[in-house]
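The structure appears below as structure tokens.
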Amino acid sequence: MKNLKIFPKMFIQIFSVLGALLILSHLLLYIIFPKTYLESRKEELAEKADLISENLSGRDRASVEEALELFSETNEIKAVLVEESESGAIKVQDDIDINLESSDNSLLIEERQIELAQGQKSSLQFLSVADMKKEGKDLSLKFLPYSLSISIIFSALVALIYARQIKNNVTEIKDITDKMMVLDKTARLKITSADEISQLKEQINGLYFTLLETIDDLEEKNAEIIRLEKVKADFFKGASHELKTPLASLKIILENMAYNIGKYKDRDHYIKESLKLVDALSANISQILTVSSLDKLKNDGEVLEIKGIVEEEINKYKLLAREKDLTINNNLADEKIFIGRSALKIIISNLLSNAVKYSKAGGSINIGVDDKDFYMANSFDDKSSLDMEKLFQVKFDINKKNSSGLGLYIVGSLLNNYKIAYDAQVSGGEFIFKIKLDD
């Protein structure tokens with residue numbers, strides 16, 4: 001039984017239960033039937049006794065005896081005209097076919113008083129002998145086999161239908177879960193009712209869809225991690241070249257100064273050049289450290305007023321701006337943005353650094369808000385076209401001609417980290433960088 005599949009197992013179990021109930025009910029019917037049969041015979045005998053007594057009342061004795069004799073010959077019920085004995089007992093005819101030693105025979109007697117034509121009082125005796133066991137068995141065997149057969153066939157059909165229904169549900173769940181195991185996104189269990197099996201199907205569907213969503217989310221995160229790792233690898237690979245270039249230049253200057261070769265005899269001049277290279281190296285190292293710490297600038301967002309931080313950063317670049325005769329106009333009021341304080345300082349610092357570096361001499365840097373966009377615009381001296389998409393990518397060139405610095409890459413990374421939209425464009429001789437503020 002343990003090794004059977006669900007369909008034959010359910011069929012056997014259901015059919016066994018229904019079959020046992022049917023056999024038990026028919027057995028009880030077989031046992032109880034003789035008693036009910038005896039009661040029905042009594043009622044039948046009483047009805048016939050009443051009817052015959054009523055019809056024979058008022059006739060003469062001879063016609064009554066003749067009628068009773070004819071009735072007795074044509075019926076199982078025996079009817080006779082009897083006289084009461086002196087003791088009041090009723091005399092039973094001796095020719096009644098009854099076996100007094102048998103426990104299966106039941107003698108039924110009904111007495112009715114009638115008045116004959118001569119005015120005489122007389123008694124009619126109606127007797128019936130019932131072999132209850134034999135007659136009950138005969139009657140039972142006439143209909144019980146048919147009833148039992150029909151019941152068994154019906155039970156088999158019920159067991160077959162019910163077992164097949166359960167088997168179909170289980171098979172459907174197995175087939176669909178097989179598809180779910182290979183992550184077939186179209187796999188879904190059909191729900192056609194509100195019973196427990198349908199509730200189980202609904203739970204399986206919900207569990208599978210949750211699993212698919214989790215897998216999709218993990219795939220997206222995994223793809224993003226791979227992309228970021230590649231960006232980091234490319235970044236540090238390029239950054240190493242960015243550091244090697246000034247280091248190589250510095251080494252050449254120092255070696256030539258050490259041996260007093262050619263123009264490098266002018267040590268005061270090349271010491272200043274060396275210091276410029278060291279400053280460039282420090283700036284690059286500082287930016288590299290900033291990029292390496294971007295992952296830490298998370299979950300520190302707060303609502304900040306932009307103007308105060310912008311003014312702090314402007315003070316740091318006033319000297320450089322004065323050397324190029326640049327005017328910095330801060331038109332901010334009380335505009336706010338949701339971002340980390342350190343991140344905002346780095347963003348403003350890099351934007352100001354690029355603006356001062358690439359603005360033409362005597363130009364201006366304008367800072368303000370236009371249509372819910374923070375902007376920083378500087379006069380742009382490069383007449384060549386810019387690829388805005390590549391502007392935010394890290395690209396190093398040892399000759400510096402086609403190199404893209406770290407500044408805008410850092411700005412873009414930070415804004416993406418806080419999911420803040422931004423844009424850069426060249427318009428009217430200005431390079432304009434915009435940051436979307438909160439609504």
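The values are calculated or read from the model by the stated rules, or taken from the named source; none is laboratory data. From a predicted model like this one, the values you see are computed outputs, not experimental measurements. Please note: Cβ atoms are built from the backbone with ideal geometry, for glycine as well, and neighbour counts cover all protein chains shown.
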Residue among Leu157, Leu211 that is loosely packed, with under 14 Cβ neighbours inside 10 Å, modelled with pLDDT under 85 and more than 30 Å from Ser413 (Cα to Cα): Leu157
Return a yes/no flag: does segment 331-348 have any residue that is within 58 Å of the chain's Cα centre (by Cα), within 16 Å of Gly429 (Cα to Cα) and not in a loop (DSSP other than H, G, I, E, B). no
Residues of segment 48-84 satisfying the condition of being polar (S, T, N, Q), at pLDDT 80 or above and closer than 17 Å to Ile109 by Cα: Ser53
Taking the stated definitions as given, is Leu228 within 26 Å of the chain's Cα centre (by Cα) and either modelled with pLDDT of 80 or more or not polar (S, T, N, Q) (or both)? no
Of the residues that sit in segment 395-439 and are crowded, with 17+ Cβ neighbours inside 10 Å and over 29 Å from Glu302 (Cα atoms), which one is modelled with the highest pLDDT? Glu430
Residues of segment 184-208 that turn out to be loosely packed, with under 13 Cβ neighbours inside 10 Å, polar (S, T, N, Q) and under 13 Å from the mean Cα position of the chain (by Cα), as a count: 2
If you check Leu320 against the conditions, is it at pLDDT 85 or above and either surrounded by 13 or more Cβ atoms within 10 Å (Cβ to Cβ) or under 16 Å from Tyr375 (Cα atoms) (or both)? no
Residues being touching a residue at least 40 places away in the same chain (Cβ under 8 Å), hydrophobic (A, V, I, L, M, F, W, C) and over 20 Å from Leu414 (Cα atoms): count how many of those fall in segment 333-368. 1
In segment 56-82, the residues that are surrounded by 13 or more Cβ atoms within 10 Å (Cβ to Cβ) and over 21 Å from Ser128 (Cβ atoms): Ser57, Arg59, Arg61
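To keep it simple, each residue is scored yes or no on (1) surrounded by fewer than 13 Cβ atoms within 10 Å (Cβ to Cβ); (2) modelled with pLDDT of 85 or more.
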| position | (1), (2) |
| --- | --- |
| Tyr270 | no, no |
| Asp279 | yes, no |
| Leu304 | no, yes |
| Gly308 | yes, yes |
| Asp325 | yes, yes |
For segment 413-431, give me each residue that is touching a strand residue (DSSP E or B) at 6+ places or on another chain (Cβ under 7 Å) and part of a helix (DSSP H, G or I). Leu415
